[in-house]
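Contents: one structure, followed by commentary.
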Amino acid sequence: METDTRPAARSLWRDRDFLIFWCAQTLSVAGDSFALIAVPLLILNVTGSVAQMGLLTGVSGAASVAAGVFAGVLADRFDRRRLLIACDLVRLVLYVTIPVVWLFGQHIWLLYTVLPMAAAVGMVFQVTYVSAVRGLAGEQRVTEANGMLYATAAAAGILGPTLAGVVSGHLGPTAAIAINAASFGLSAFGVLLTRSSRYAVEPAPKGRPWRELLAGAEFLFRQPVLRTMTILLTFFIFMTLGLTDIVIYRLKHDLGQADSVVGIVLGVGAAGTMVGSMLVARMRRILGFGPLWIGAGIVSGLAILGLGLAGSVWGVAAIMALYLACVSLAGICSMSLRQQVTPAHLLGRVTSAFWTIHFSLGPVGAAALGWAAARYGATAVFFFAGASCLLLALIALATPVRQRYPERA
């Protein structure tokens, strides 16, 4: 395994390349939060159908899973800096198409064309991004770096949904989508300012194409903790990928709230992500990987159950903050562990394999949750999803995931 040769004591706060990358990605995530609000609102305003929301989320998720099969090979074979910039520019063009075309009429079909393509490119970006962070921060500081990236992204996400709700309410959801498109340009410019040498990785020996595609999955399933975690998270994402759509439906349909209130609630929820991101490095040092990961999963399940009982806007907001705090704790821990134990030349393919498997059931789950909410109501969906997630966390107690320091194995 390639080892980190950078000084362990070097502070990320004095690392020019990491700081530029950090700022660029924070701005990009702020833009993403506009689309997170605007796209479901656009569909709901035009069709009034929560099932359509779930279906589009499912189709986009399927495109993301399909792209994940090849994303790791791209991240391990091509210049990661150039690949990140290219992905940002392509997404800028795709997202700006929506407000431009919408000027001439409402075309739902366009969303089913553009958003899956953007999701596929986004998967390539995310796999490359995770692979690049280890080189930018160094193996010993990767959990701290991930926490910083997630924390400031969440901070941007607090203001972003609120502004997105206001923009959508006054100028329409397409205006918020245009802002998201511009954020990809800022992200590309930020990556361009960093040094290409920080993204360099020793190329892996080339083999048969199908062997290269399977190399990441083979590594995942040789590692007991990564194997178990991948299986458990696959079912977790099935129950949660469409959860934001159901929360928006609950606020709009059941509680009769305006678009601006939806933005405020998800902004409060993002505060939970920020808190979890700020605490993850310290909590992992104190508790260890297994107790923190499983504990966060248990509280996540309880929080989803709580969403089924919440009858007020602020109740939904508070529970969303708790849920997203736990998701960020568990998510950063699992991503950091993969970055720590995976050889650098395999990191793209391992990340790609993990996300492809991880999200494989997500599109079906998102569509199913939307259908179930339309037929049985949001409360029933929250109860079923929450109980299922709680069961997955309890199962993890009997697996190798419970180890405190699996990275030392």
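The values are calculated or read from the model by the stated rules, or taken from the named source; none is laboratory data. Remember, predicted model here, so these are calculated numbers, not experimental data. Quick reminder, even Gly has a Cβ in these numbers, built from the backbone with ideal geometry, and neighbours come from all protein chains shown. For the accessible areas, the whole protein counts, side chains as well, though only heavy atoms, and no ligand, DNA or RNA atoms are used. Shrake-Rupley method; radii C 1.70, N 1.55, O 1.52, S 1.80 Å.
Summary of computed values
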| quantity | calculated |
| --- | --- |
| Segment 249-276 residues that are over 23 Å from Ala380 (Cα atoms) and touching a residue at least 60 places away in the same chain (Cβ under 8 Å), paired with ones that are β-branched (Val, Ile, Thr) and part of a helix (DSSP H, G or I) (beta carbon under 6 Å, 6 or more apart) | Ser260/Val166; Gly263/Ile37; Gly263/Thr162; Ile264/Thr162; Gly267/Ile158; Gly267/Thr162; Ala270/Ile158; Ala271/Ile158 |
| When residues of segment 216-237 are limited to those that are in contact (Cβ under 8 Å) with a residue 24 or more places away in the chain and not hydrophobic (A, V, I, L, M, F, W, C), the one surrounded by the most Cβ atoms within 10 Å (Cβ to Cβ) | Gly216 |
| Identity of the residue in segment 100-153, of a type in the set (S, T, N, Q) and surrounded by fewer than 23 Cβ atoms within 10 Å (Cβ to Cβ), that ends up nearest to Val73 (Cα to Cα) | Gln126 |
| Test result for Tyr95, under 20 Å from the mean Cα position of the chain (by Cα), aromatic (Phe, Trp, Tyr), assigned to a helix (DSSP H, G or I) and more than 13 Å from Asp32 (Cα to Cα) | no |
| Selection from segment 253-268 of residues that are in a helix (DSSP H, G or I) and open to solvent by 50 Å² or more (accessible area, probe 1.4 Å) | His253, Asp254, Ile264 |
| Flag for Leu186 being at pLDDT 85 or above, open to solvent by 60 Å² or more (accessible area, probe 1.4 Å) and over 30 Å from Asn45 (Cα atoms) | no |
| Any hit, segment 58-71, residues being touching a residue at least 60 places away in the same chain (Cβ under 8 Å), farther than 13 Å from Ala366 by Cβ, more than 16 Å from the chain's Cα centre (by Cα) and open to solvent by 60 Å² or more (accessible area, probe 1.4 Å) | yes |
| Residue match in segment 285-297 (condition: within 18 Å of Leu163 (Cβ to Cβ) and either in contact (Cβ under 8 Å) with a residue 60 or more places away in the chain or part of a helix (DSSP H, G or I) (or both)) | no |
| Positions within segment 385-409 being open to solvent by 90 Å² or more (accessible area, probe 1.4 Å) and of a type outside the set (A, V, I, L, M, F, W, C), in sequence order | Arg402, Arg404, Arg408 |
| Flag if Val381 is open to solvent by 20 Å² or more (accessible area, probe 1.4 Å) and either in contact (Cβ under 8 Å) with a residue 12 or more places away in the chain or farther than 18 Å from Thr143 by Cα (or both) | no |
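Here's the yes/no breakdown for (1) at pLDDT below 85; (2) within 20 Å of the chain's Cα centre (by Cα):
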| position | (1), (2) |
| --- | --- |
| Ala325 | no, yes |
| Ala330 | no, yes |
| Gln339 | yes, yes |
| Leu346 | yes, no |
| Arg349 | yes, yes |
| Trp355 | yes, yes |
| Phe359 | yes, yes |
| Ala366 | yes, yes |
| Trp371 | no, no |
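A quick yes/no check of all residues on (1) under 26 Å from Leu115 (Cα atoms); (2) in contact with a Phe, Trp or Tyr (Cβ under 8 Å, 6 or more places away or on another chain):
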residue	(1), (2)
Gln339	no, no
Val364	yes, yes
Trp371	yes, no
Ala378	yes, yes
Leu390	no, no
Ala393	no, no
Ala398	no, no
Tyr405	no, yes
